[in-house]
Structure formats: C-alpha cells, structure tokens
1. Which three extents, in whole angstrom, do the alpha-carbon atoms of the range 32-115 cover along their principal axes, largest first?
2. How fast does the range 62-157 diffuse by Stokes-Einstein, in µm²/s, taking the Kirkwood radius from C-alpha pairs at 25 °C and 0.890 mPa s?
3. I'd like the accessible area for Asp227: 1.4 Å probe, protein heavy atoms, all chains in place, Å² to the nearest 10.
4. With labels modelled as points extended 7 Å from the Cα through the Cβ direction, what inter-label distance (nm, one decimal) is found for Asp36 paired with Asp147?
5. Please work out how much accessible surface Tyr233 shows to a 1.4 Å probe, ignoring ligands, DNA and RNA, in Å² rounded to 10.
6. Can you pull the Kirkwood radius for the range 114-249, inverse mean 1/r over Cα pairs, to one decimal in Å?
7. Order these peptides, 127-135, 45-53, 193-201, by their mean beta-carbon neighbour count within 10 angstrom, highest first.
8. Pairs of alpha-carbon atoms within less than 8 angstrom and 6+ residues apart define the contacts here; what relative contact order does the chain have, in percent?
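The values are calculated or read from the model by the stated rules, or taken from the named source; none is laboratory data. The structure displayed is predicted, hence computed values, not measured ones. When we count neighbours, we look across all protein chains shown, and the Cβ atoms used for this are built from the backbone with ideal geometry, even at glycine. The area values use the complete protein model at the heavy-atom level, side chains included, leaving out ligands, DNA and RNA. Shrake-Rupley method; radii C 1.70, N 1.55, O 1.52, S 1.80 Å.
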Amino acid sequence: MGRAFEYRKAAKFARWDKMAKQFSRIGKEIAMAVKDGGPDPDSNLALRRAIQNAKGVNMPKDNVERAIKKASGADAEVYDEITFEGYAPHGIGVFVECTTNNNNRTVANVRAIFNKVGGSLGTKGELAFMFDRKGVFTIEESQLKMDWDDFELGLIDAGADEIEKVEDLIVVYCNFEDFGNVSHVLDEMGLEVQNAELKRIPNITKELSLEQSKEILDVIDRFEQDDDVQNVYHTLEISDEMAAELDKD
C-alpha cells in the first residue's frame, strides 16, 4: 500500500476543498451511527469513530453535538447505504459508497456520471474481488510516547496486519473483523486517532500514463462532488514517481 495509497487518500481530501462537504459526510456518519447504536459514544463504537473523524476534519464540537441531537429526534432523517461498482475509462475499476435519503436520485446521478465519462455501471458484486475491506487508523506520530516495538506488538496481537510511518503520521491497517479490537487497543494506549475508517483497498491495480491518470482522477472527483457519495475507491496504480508528477500540477 505505502505512499501511493496515502497519496490517493490525501488527494481525495484535497479535492474536497469545501468544508461543508466534509461536515456533511461526517454528519451522515453520525446520523447512521446514532440510529444503529444510540447517542452514547461510550457504548457505540461507530459513533465514537464518527466523532474521532469529526475532530480529524476540525468539525466544531457544537456541530457534532447538534448532529447527535438531531439524529436522536423523532423526525431524524433516515439514510440508506448503497454501493455501486463499475469501470472508468482505460479499464479502471471504481467502487462508490453512498449514503442517501433518496435512492432513485442517487442511482440516477451515479449512472449519469459513469455515462458522461465513457465508463460503465456494473452489477452488484462484480468488482468486489478487486478490493479488500480493511480498517485504517491514522495517528499523529508525535502522540506516541511508548517504545515502538511495544506499540507494534500490542497492535499485532490485536489484529493489525500492517503498520507504517507516512511523514508525520502512523497508519495502521487491519482486517475488517479486527477493526473493533484494534480500536480498543489504541484507546487503551491513550492514543487519539485522527481518522478511523473501513476502507476498500485494491488488491488488483493498473498503471496508466500521466495524462490518463489525470483523466481518472478527474472522474473520481466527479463522483466525490456528489452530495450522496461518501467514498470512492479505484484500481488506478499511483507510484511514488507518478505521485511526484501529479504533485507538480
């Protein structure tokens, strides 16, 4: 995974240049977490994770509290999670996760984007084999006060399968089923997680030319600009050299 994966993540957040988009995404996470597990983060892991992610994008505490209160009310908005799989140009697989209160609108919007860019919307499960479901935790390295070996061993025992340093961050990966265990151990270590998410990591990737890569990133940007879209994953391979070239633009 390494720097290329982190570039994709960083590039995604860089393209979300409007604070409202980030807050809306977190607000939906909070709403769904409260609906499924209640308003108490001490007993609701999903809500605790959403609050951590809110801190990671500097969402004000008042906004978080309002979102929890709104989601707890009788007139709370009801959201559904739906996913789409398809191909962008040049054979790049795309997996789109959405949270919506209007399925018909979301289906129409996602299909329209695939059509406009010359891609194709596939059937559910068609691309699932291309992605592994992973838990990904991001922590500021400056928080770590314990011995690195003890830190690694503690997380490996909890189920972490990869731990790496990316600039001033520590990124921890684990299998889907170990997400709760790793989250609990990080809490016990007294580490405040900057971001904790379940992601789809591509296990099959394809490298393209610089111009073709830019074209694909523009396609990803189209999806991410849609209000119903939460996450977009793809199989474009971005090497360190390619990331450096893209950083120049």
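1. Ordered largest first, the range 32-115 gives principal extents of 45, 28, 21 Å.
2. Reported coefficient: 140 µm²/s.
3. Roll a 1.4 Å probe over it and Asp227 shows about 110 Å².
4. 3.8
5. In the full protein context, Tyr233 sits at about 20 Å².
6. After inverting the pairwise mean of 1/r, the radius is 17.1 Å.
7. 45-53, 193-201, 127-135
8. Reported relative contact order: 23 percent.
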